[in-house]
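The values are calculated or read from the model by the stated rules, or taken from the named source; none is laboratory data. Source: prediction; values computed, not measured. Glycine also receives a Cβ, built like all others from the backbone with ideal geometry; neighbour counts cover every protein chain displayed. Just so you know, the surface numbers come from the protein's heavy atoms only, side chains and all, with ligands and any DNA or RNA stripped out. Shrake-Rupley method; radii C 1.70, N 1.55, O 1.52, S 1.80 Å.
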Amino acid sequence: MKIIETKNYAEMSKRAADLIAAQVLLKPDAVLGLATGSTPIGLYDELVRRYEAGELDFSAIRSVNLDEYCGLDGTNDQSYRYFMNTHLFDRVNIDPKNTNVPNGKATDFAAEGERYDALIRQLGGIDIQLLGIGLDGHIGFNEPDDAFTGPTHEVKLDPSTIAANARFFASEDEVPRSAITMGMASIMQARRVLLVANGNSKAEILKKALFGPITPQVPASLLQLHPDLTVIFCGDDK
Ligand code: GLP
């Protein structure tokens, strides 16, 4: 495990973008595992900047996102598909057909999970998986539970996650109560994992996840067993 502490959010975003950019340069048709949340926004802006400067080419890149809210389709501005289009896909030359996000409007989420895992296998697995971390230690939407779940699956969101994500919605009532998320298997099988965490509010859970016992009550703690994990953390901007 490699832990990098940066002095501010801008530096964190640049260091994280370096790792994604290196992957794109080394393997132009790499499979990028991507994440939403406020933390990676600066990193996506940085990738866009490098693309506009002619340093990066996404034309053969494939992507798989971690998760999506159940019930929201891609035109809903709170959906993770919409987030990815707005923050990255519409701003670089990635082929939209090569971008994948679980279908929040699926009628059968068990079948959608199987489809998504088969797709990841068909793509040859994930070269680098980007992750944020929730205040309760969730990654993707793998919430604290009695056991780790391997496959892509539907999850009931934790009240603390609903409260934390309410800031993006008009009110807490509008936050979907469930989501579909990549499970721990695809995340752990990614060849490389990059976790970004921003702000002092994340320091305690990050410490628990990286140095505490490995337990499904802190889903991110399983990452301790990943052979190629990089964590980039910055405290609050002063
Ligand atoms: C959401 C996403 C996670 C993300 C987390 C933290 O719940 N499903 O993938 O890591 O939020 O988000 P933020 O970066 O805004 O703190």
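Candidates Ala106, Val48, Ala164 compared by Cα position along the dipole of the stretch 2-234: farthest toward the positive end lies Val48, with charges placed on Cβ. Stokes-Einstein at 37 °C, 0.692 mPa s, Kirkwood radius from Cα pairs: D for the stretch 1-97 in µm² s⁻¹? Estimated via Stokes-Einstein, D reaches 233 µm²/s. In plain terms, the bigger the Kirkwood radius, the slower the diffusion; for the chain, with that radius from Cα pairs, at 10 °C and 1.306 mPa s, Stokes-Einstein puts D at 89 µm²/s.
Put a plus charge on the Cβ of each Lys and Arg, a minus charge on the Cβ of each Asp and Glu, and nothing anywhere else: the dipole of the stretch 167-238 about its Cα centre is then about 280 debye. If only the Cβ of Lys and Arg carry +1 and only the Cβ of Asp and Glu carry -1, the dipole of the stretch 1-121 around its Cα centre is close to 280 debye. Just checking the listed ones, Ala190, Ala170, Ala60: in the Gaussian network model of the chain with Cα springs under 10 Å, the one fluctuating most is Ala170. The listed residues Thr149, Thr181, once ranked by accessible area (1.4 Å probe) with the largest placed first, stand as Thr149, Thr181. Taken over the chain, lysine pairs spaced eight or more positions apart, or on distinct chains, with alpha carbons under 27 Å apart number 24. All other residues whose Cβ lies under 15 angstrom from that of Ile162 are scored, Lys and Arg at +1 and Asp and Glu at -1, for a net of -4. Counting only DSSP H runs of at least 4 residues, each contributing -39500 (n - 2.57), and dividing by the residue count of the chain, the helix-based mean residue ellipticity at 222 nm comes to -9500 deg cm²/dmol. Result for the chain in a Gaussian network model with C-alpha springs under 10 Å: among Ala17, Ala197, Ala185, the largest mean-square fluctuation is at Ala185.
Dipole size in debye (nearest 20) for the chain around its Cα centre, Lys and Arg Cβ +1, Asp and Glu Cβ -1? Could you put the intermediate results ahead of the total?
Details: 23 positive and 33 negative charges, 135 e Å.
Roughly 640 debye for the chain.
Here the Gaussian network model covers the chain, with springs between Cα atoms less than 10 Å apart; of Ser38, Ser63, Ser13, Ser38 fluctuates the most. Taking 0.36 nm per residue of separation and subtracting the current Cα-Cα distance, fully stretching the chain between Ala110 and Ser171 would add 19.1 nm.
For the chain, the residue among Thr36, Met1, Ile120 whose Cα projects farthest onto the positive side of the dipole built from Cβ charges is Met1. The GluC sites (Glu not before Pro) of the stretch 1-69 meeting both criteria, a DSSP state outside H, G, I, E and B (loop) and at most 14 other C-beta atoms within 10 angstrom of the site's C-beta, are Glu55.
Suppose R0 equals 30 Å. What FRET efficiency, 1/(1 + (r/R0)^6) with r the Cβ-Cβ distance, do Leu119 and Gln78 give to the nearest 0.05? Once rounded, the FRET efficiency stands at 0.80.
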